[in-house]
Each structure stands twice: as structure tokens, then as C-alpha cells.
1. May I ask you to list the residues in the stretch 142-178 that are buried (at least 21 other Cβ atoms within 10 Å of the Cβ) and touching a helix residue (DSSP H, G or I) at 6+ places or on another chain (Cβ under 7 Å)?
2. Among the residues of the stretch 168-201, which ones are touching a strand residue (DSSP E or B) at 6+ places or on another chain (Cβ under 6 Å) and polar (S, T, N, Q)?
3. Could you check the stretch 77-102 and list, in sequence order, the residues that are more than 13 Å from residue 200 (Cβ to Cβ) and part of a loop (DSSP other than H, G, I, E, B)?
4. Tally time: how many residues in the stretch 226-274 are under 17 Å from residue 148 (Cα atoms) and either surrounded by fewer than 18 Cβ atoms within 10 Å (Cβ to Cβ) or not small (Gly, Ala, Ser) (or both)?
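The values are calculated or read from the model by the stated rules, or taken from the named source; none is laboratory data. Quick caveat, the model's predicted, so the values are computed rather than measured. Here the Cβ is made from the backbone with ideal geometry for all residues, glycine too, and neighbour counts use every protein chain on show.
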Amino acid sequence: MGKANRRDFLKRLAATGAALGLAPWSIESMLQASASTSASASPGLGASGKATMLSTWNHGIEANAAGFLALQQGGTAMDMVEAGARIVESDATGLSVGIGGLPDRDGHVTLDACCMDHTGNAGSVCFVQGLPHPLSLARKVMEDTPHVMLAGAGAEQYGQELGMTRRDLLTETSRRAWEEWRKTSNYEPVINIENHDTIGILALDDSGRLSGGCTTSGLAYKMHGRVGDSPILGAGLFVDPQVGGATATGLGEAVMKTVGSFLVVELMRNGETPQQACEEAVHRIMEGMPTDDLQVGYLALSHDGNFGGHAIHEGFNFARTTRQGGSMIDASHG
């Protein structure tokens, strides 16, 4: 992260902290803890009862920094997840989550998200337009309504009732990318192994509470109305507080067809480690469909801090942060 980008990130993180009522004094130390090293895949054990945060892709560095800032100020695992999601959703330089996400093939940015907390409660929203923080909206659905999922205009109406501010999510950068795509696309969605279209977050706080969240702008240039795995409980995310949690990234259709995150957690329940469970869930996809041109990765965290990650192809990485520091880890693959 260059100096200019670092300054911009710190400003965004400070704004997120302010929005959550958090003091900004420890932002720099949290960022340093999240981005201290880079490592090859080394799934293993965390200390029981000690805070741990896992987030997919390079923007997981930012997410974990924001999450640990929330924890520093007395937050729970669910607060860590929401804070992490908000900082990435607010990043207009990204093209895969929240503001600036690549649009569907008609030029509309549509957002999906879900979350689950340490009680097993869950909330989800899908096909949301104009509201940059769908995971926060999903949390409100979880905590303040009798429902689990709200969709489209109904979710947007609820967000406005809560006072969430509408804005245009299509930035100049994402608009130019969409216009360039239209020149040669033949109006066909893009399916390839380079889609980094999601951030999945799993968090364990110092009290042993486990929560998770998933937020995305979805597959670039998808058909209008398409919803992927990210807001689907059991597909893009699943948390059993007595066992562990899992989240997925990559082509949502493949994850939905195998109910992947639920599968990972069930394998953990039956005695497999998070790493073994992620590998088995990936292999189920590889055995059932052609995977040369698609990527799926799973990330898992057990209730005692053990973790793992695995993908179809190389290139999937994730950030892991504890109070002792953090690292970027290249997941195993194949």
C-alpha cells in the first residue's frame, strides 16, 4: 500500500470508526497488525478465547483493521464483521464491493449481503440498489425484524426508513470499465477465474462469540436481476456458533449448487479440520462441473480459532489477524 493510498485508507477507516462511534486513536496500530507480513498457506490453530479475524482477498487487510478497531472499543464479533464490511463497501477505488462495484450488463450496480451472529440468528438482503452498506442493512433485518431476507425495492424501502442515505454506486471508473466491456462483449456476462467479487468475513471475539458476514456487488456484467451466493445462507456464508463458520468467494452459481458454506461447517461438525473441510467442499465442485474457467474459494474458522482456506485455482488469498499481529495467506488450491 503506497503512502497516498495509505492516507486515503486511514481517512476511510477513521470515517468508519466515527460512524460506529469509535475513537480513532488506535487506527494506525490496527492497520500495522493487519498487514504485518505475507505468508504462504499455513492453516492451523488459534488460541481459544482469543480474538481472530479472517477476511477474503487483499481488501481483507482493511476489513480486519476496522474489525479490530471495533473490538478495541468494546465491540462484539458481529461488530467486528460489520465494521470490516463497511470499510470495504466504502472504498470507491474497489470494483467488487459496495461503492464502485462493477455493474450488471445494463449498467446497474446491485448489491447482496448476509450475516450470522453468535446466536445463530441471520439476516440477508439482495438486489439492493443505491444503498452502499448492504451488510449493515442485513444486520438490521436480522436484529430488528421477524424476517431473514429482504429483496430489491422492499429492502431499499426498509433502508430508507432506517435513515440510510441513497447514492449513485456507479463511479466514473466503474462506468468506464462497463462502457469498454460493452464494445466487445456481445452482451454476455463474464465468467473467469479472476473475479474477486466478494468479501467474506469471519470473526471470533475475546469472549468466544463467533459471527460472519458476506457482501458483494456480484458477478461483473451479470444479467439484470441475477443474485449469487453471497446473500444465501448456507451458500455464501454459514455460522454454527458451537462448531464454526465458513464463507465462500468466486462463482456463486457453483457455490449455490453445492450449498458450500453449510457443507464446510457440517464437515467440521463431523470431525474434519477447517482446512480439510474447505478442501472437501472445493473437491465436490471440481468433481461435479467443469472448473477450468471458474474460481471458488472457501474460508473457515472453528469456534476454537482453528482456520483453513482452499480454492480451485491458485490466487485466492485471505487476511488473518489476531492481537499478536496479522498476515496475508495464500490459500492452497486444486
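1. 150, 155, 159 - these are the residues of the stretch 142-178 that are buried (at least 21 other Cβ atoms within 10 Å of the Cβ) and touching a helix residue (DSSP H, G or I) at 6+ places or on another chain (Cβ under 7 Å).
2. 198 - this is the single residue of the stretch 168-201 that is touching a strand residue (DSSP E or B) at 6+ places or on another chain (Cβ under 6 Å) and polar (S, T, N, Q).
3. Across the stretch 77-102, the qualifying residues are 90, 91, 92, 93, 94, 95, 98, 99, 100, 101, 102.
4. Summing the residues that are under 17 Å from residue 148 (Cα atoms) and either surrounded by fewer than 18 Cβ atoms within 10 Å (Cβ to Cβ) or not small (Gly, Ala, Ser) (or both) in the stretch 226-274 gives 10.
Each row is one residue, and each column tells you yes or no for (1) within 24 Å of residue 259 (Cβ to Cβ); (2) at pLDDT 95 or above; (3) surrounded by 24 or more Cβ atoms within 10 Å (Cβ to Cβ); (4) of a type in the set (A, V, I, L, M).
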{"position": "306", "(1), (2), (3), (4)": "yes, yes, no, no"}
{"position": "309", "(1), (2), (3), (4)": "yes, yes, yes, no"}
{"position": "323", "(1), (2), (3), (4)": "no, no, no, no"}
{"position": "327", "(1), (2), (3), (4)": "no, no, no, no"}
{"position": "333", "(1), (2), (3), (4)": "yes, yes, no, no"}
